Amino acid sequence: MNVQMTLSNSLKAKPTDESKLGFGQIFTDHMLMINYTEGQGWHDARVVPYQNLSLDPSCQVLHYGQEIFEGLKCYRTENGEFNLFRPTENFNRMKRSAERIGMAQLPVEEAMEGLLALLSADKEWTPHQEGTSLYIRPTMIATDAFLGVSASKTYLFYIILSPSGAYYASGLAPVGIYVEDELVRAVRGGVGFAKTGGNYAASILASVNAKKNGYAQVLWLDGVQQRYIEEVGAMNMMFVYEGKRIVTPALNGSILPGITRDSVLKLGAKLGYEVEETHMDINDVIADIKSGKLTEAFGTGTAAVVSPVDKICFKGEEIAIGKGGIGEVTQKLYDTLTGIQFGTTEDTMDWIVKVK
């Protein structure tokens, strides 16, 4: 694939105070765009100045939600290199999402070529401060101008970049979560495993309600029995038993197969912890917290990496988890994983891709 480069003549000023970056609020000078047309395939790959999209008001993405996206990061190392963490896994997952939503699938090698071309122009936007990164958002939308429920014949794939700080303003300070036992996010056979906007739209009302009650995130239960734990907010959920065993809900078709989730499980096993994927009954988990067998809980995701949980609200009762603060296992996993990402810990898993 030949990526055409059209660089901006008017570059933006890069942020000077990296402590105030926030998340997903600032965008770099350029973006990648690739078009798809049925019968022609993917074409016109180009890096262009960051710009608004021009869409017909009848565009299918606006009416029927044919849309998918991904999230990954570029990290600046101490010696001035730039690291990507398992990027091909993100583009492989994007292909699976595209298949489920009935969209064209962009080959992984072409997505990677486009991303590296974009980073060749904008990698210096990657912030320097500890804990910061350049967030990467690949997106694909249906672009047919047609009011009919059918698969689009044209698509736009694009990538935008955003220098970002911590996802949560509190950083690694533990948060409280609220168990949602009325609304549901996804069901098996639906699109819960795909990274598509509809999944997140379905979560917003419950998230608003949780925040009104003083909780940072929603813990979702399965959509059939509303008994088995699935995800927390936009993250996968992990539980630590007696400081030795890491347990997470098994993938069942309604849970997003997180790249960070998979990395934590593999890394946990390498560090000597027992790891287990299983169905987790919320009633059993609450009982294990109260008995002291369950000693830590945390969410995992690209944006926050890990997010410690110190309390959980279920049916009006708030239950504290562990001793307060970030748990020992959670801290070790966070330190090791971010060490690999930022190049301060040896990458024995072969997860890092260097940006040349």
Taking Gly41, is it surrounded by 14 or more Cβ atoms within 10 Å (Cβ to Cβ) and at positive phi? no
Return the residues of the range 38-51 that are over 23 Å from Asp122 (Cα atoms) and within 28 Å of the chain's Cα centre (by Cα); say none if nothing qualifies. Gly41, Trp42
Close pairs (6 angstrom Cβ cut-off, 6 or more residues apart or separate chains): at positive phi and of a type in the set (Asp, Glu) in the range 243-267, assigned to a helix (DSSP H, G or I) and modelled with pLDDT of 95 or more anywhere: none
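Which one is surrounded by the most Cβ atoms within 10 Å (Cβ to Cβ) among residues in the range 124-159 that are assigned to a loop (DSSP other than H, G, I, E, B) and among the small types (Gly, Ala, Ser)?
Among them, the one singled out is Ser152.
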Could we say that Thr139 is within 25 Å of Leu11 (Cα to Cα), within 20 Å of the chain's Cα centre (by Cα), assigned by TED's automatic domain parsing to the domain that holds Tyr64 and free of Cβ contacts under 8 Å to residues at least 60 places away in the same chain here? no
So how many residues does the range 165-181 have that are modelled with pLDDT of 95 or more and either within 16 Å of the chain's Cα centre (by Cα) or of a type in the set (D, E, K, R) (or both)? 1
Taking Ser152 and the conditions (1) in contact with a helix residue (DSSP H, G or I) (Cβ under 7 Å, 6 or more places away or on another chain); (2) closer than 27 Å to Glu231 by Cβ; (3) not aliphatic (A, V, I, L, M), which numbered condition does it fall short on, given that it satisfies the others? (2)
Quick check on the range 300-342: of everything there that is surrounded by 14 or more Cβ atoms within 10 Å (Cβ to Cβ) and basic (Lys, Arg), which residue is farthest from Ile229 (Cα to Cα)? Lys332
Residue check for Arg93: over 22 Å from Ser152 (Cβ atoms), of a type in the set (Lys, Arg) and within 16 Å of the chain's Cα centre (by Cα): no
All strands (runs of 3 or more DSSP E) inside the range 250-356 with 2 or more residues being under 21 Å from Pro174 (Cα atoms): 294-301, 305-314, 317-320
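The values are calculated or read from the model by the stated rules, or taken from the named source; none is laboratory data. This structure is a prediction, so every number in the text was calculated from the model and none was measured. Positions of Cβ are backbone-derived with ideal geometry, glycine not excepted, and every protein chain shown enters the neighbour counts.
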